[in-house]
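Below: one structure, written as structure tokens.
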Amino acid sequence: MQLRLHRYSDPATFVLGLAALRRTGLTPRGLLFLALDPSGAVHLGVPNDVDEVTRIRVGDKMSLAWPLEGRYYHFDCVHRLRDGRFSFNGDRRLKDPGDVVEVAGLIADFLKVSGAPDVFFGCNRHQPGSWLVVDKHATALHEAGFVGVRPFRNVLLARRVMDHRLWQLETNGDRLDDWQPLWESPLGNLLYVERRIINDRLVLTCERGLIEVDLSELPRVKERARVMMQTGFAVVGRVDNGNPAFAVTQGKLEPWGIDAPRPAVLIGTPGGSLAALGAALAEAAQKNEPSSG
């Protein structure tokens, strides 16, 4: 897929640019990359051919590579919540240029007009950060260690850096610091939380493998499957449209997360099975091992 990059000097020009792109038929599905540079300029990646928008899957976005060299601070996703609230994940250095909340708010407005609950962008190497915005006031959740935030029903789910538990925060109340542990990993610290929840299922990447959990009976969390491995693979997302596939990145395993992740690759699996994914990843890791001879 060929990308077209738009540069906007500030949020005022960005909102005009978004409106113009929407008139050409662009939808949230076609927002491929969103980043700020150190000057505060907004960089938006969209398909070169707007007709490709209807064929784009979230997994396809995650396999794309950002085409520019230099310092860019990337967004991972933006989620609309209730009562004008929204959350977003991305590089924690997004705050440095100064307009990150306004830019994320413009995307949240674009989602509202389009009738979409969220948007996901391509994968990039960065320092994980997460924010919750209420009445235009942003709380940097990562300052308390909570990253990889995902809305689900009336709660936010997140991992905590250097921690082995999945956490939740009620979104119906006014307490933004009342995180509660929800589930404990038997495979070490949580290093990555799958970007979106499909059919009440979520894949958690841990120090010693992958675990798929069922959230249908929240606050009870049930383990569905696990795969033991320590190869630096992490599940970013999945495609579930008749041809199930996992979007998988690879980087260096660290106790705090996955360092230097690459653009994801799509790995097809019969029935969307985590066990089948594990077998495919084990085979890939074996092929990548240097030969002993």
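Just so it is clear, none of the values below were taken in a lab; they were calculated from the coordinates. As the structure is a prediction and not an experimental result, all values here were calculated from the model. With ideal geometry, Cβ positions are generated from the backbone for all residues, glycine too; neighbour counts draw on all protein chains shown.
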How about the range 71-128: which of its residues are assigned to a helix (DSSP H, G or I), of a type outside the set (Gly, Ala, Ser) and over 30 Å from Leu253 (Cα atoms)?
Val101, Glu102, Val103, Leu106, Ile107, Asp109, Phe110, Leu111, Lys112, Val113
Restricting the search to the range 130-178, which residues are outside any strand (DSSP E or B), over 19 Å from Ala108 (Cα atoms) and of a type in the set (Asp, Glu)?
Glu143, Asp163, Asp174, Asp177, Asp178
Residue satisfying all of: in the range 187-228; of a type in the set (Asp, Glu) and under 23 Å from His79 (Cβ atoms); farthest from the chain's Cα centre (by Cα) among these:
Glu217
Okay, strands (runs of 3 or more DSSP E) sitting entirely in the range 179-268 with 1 or more residues that are touching a residue at least 12 places away in the same chain (Cβ under 8 Å), touching a Cys at 6+ places or on another chain (Cβ under 9 Å) and among the β-branched types (Val, Ile, Thr), I get 233-239, 245-250
Of the residues in the range 35-85 that are over 30 Å from Asp135 (Cα atoms) and acidic (Asp, Glu), the one that is surrounded by the most Cβ atoms within 10 Å (Cβ to Cβ) is Asp60
